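Laboratory data are not the source of any read-out in this text; all were calculated from the coordinates shown. All figures in this text were calculated on a predicted structure; none of them were measured in a lab. In this analysis, Cβ positions are derived from the backbone assuming ideal geometry, glycine residues included, and neighbour counts consider all displayed protein chains.
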Amino acid sequence: MARPRQCRRVGSMPESNYFKPRDIPLSMLEEVILKVDEFEAIRLADLEGLYQEQAAEKMSVSRQTFGRIIESAHKKVAEALAKGKALKIEGGEFALASTRKFRCDDCRHSWDLPYGTGRPVNCPSCESGNIQRAERRLGRGQGRCCGGPQQKSSP
Ligand SMILES: [Zn+2]
């Protein structure tokens, strides 16, 4: 456990970070804390259906590490479901993947895309091809973890 912890890459934050059983009053409720990197592991492996190798690569961790993250994540979710505990998603060692910002010159719509998704051809709002790269924006949490050089994910 003396090894420095590696920065785990997370593509996006959960849309909701608190899940609670309906009939249990807050005062009696126990919480399970699922870390954001554990949530990401579940999202990649269980929702997107990636193999562990691919999911590990997306998170910039080894397969062994990914295996440990997802095992812990499954256990926590199972515990919350089986014992009627609340599930809170927070914390963990991670950095959000950086995004690129694009802007449409026709309708002024702007949007973010993660690296590795390819350059868009049309504006998602008005379908104009008159789009350009706007300023680069880093996701929240950037650099908080390992502070190392940015790793662009390439296909
Ligand atoms: Zn547009």
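Name the trypsin sites (Lys or Arg not before Pro) in segment 5-37 that are in a loop by DSSP and that have at most 14 other C-beta atoms within 10 Å, would you? Before the final figure, lay out the partial values.
On the way: sites: ARG5, ARG8, ARG9, ARG22, LYS35; in loops: ARG5, ARG22, LYS35.
The qualifying sites are ARG5, ARG22.
Below 11 angstrom from the Cβ of LYS58, what's the summed charge of the other residues (Lys, Arg +1; Asp, Glu -1)? Walk me through the numbers before you get to the answer.
On the way: positive: ARG8, ARG9, ARG43; negative: GLU40, GLU48, GLU53, GLU57.
In short, -1.
Can you give the net charge of the other residues whose Cβ lies under 12 Å from the Cβ of PHE39, counting K and R as +1 and D and E as -1? Mind dumping the intermediate values first?
Details: positive: ARG8, LYS35, ARG43, LYS76, LYS88; negative: GLU15, ASP37, GLU38, GLU40, ASP46, GLU90.
Within the 12 Å Cβ shell, the charges total -1.
So who's got an amide H within less than 5 Å of the one on ALA95, skipping anything under 5 residues away but keeping other chains? H placed 1.01 Å off N, in plane.
Amide H neighbours of ALA95, under 5 Å, 5+ apart: ARG8, ARG9, VAL10.
Where a ≥ b ≥ c are the square roots of the eigenvalues of the C-alpha gyration tensor, would you call segment 1-123 rounded, which needs a/c under 1.5, or, failing that, prolate if a/b is larger than b/c, or oblate? Walk me through the numbers on the way to the answer.
Values: a/c = 2.49, a/b = 1.47, b/c = 1.70.
Oblate is the answer for segment 1-123, as a/c is 1.5 or above yet b/c matches or exceeds a/b.
Just add up the charged neighbours of ALA82: K/R +1, D/E -1, any other residue whose Cβ is under 14 Å from the Cβ of ALA82. Could the numbers behind the result be given before it?
Values: positive: LYS75, LYS76, LYS83, LYS85; negative: GLU30, GLU79.
Computed value for this residue: +2.
Going 7 Å from the Cα of MET28 in the Cα-to-Cβ direction, what parts of segment 71-89 have a backbone nitrogen less than 15 Å from that spot?
So the set is 83-86.
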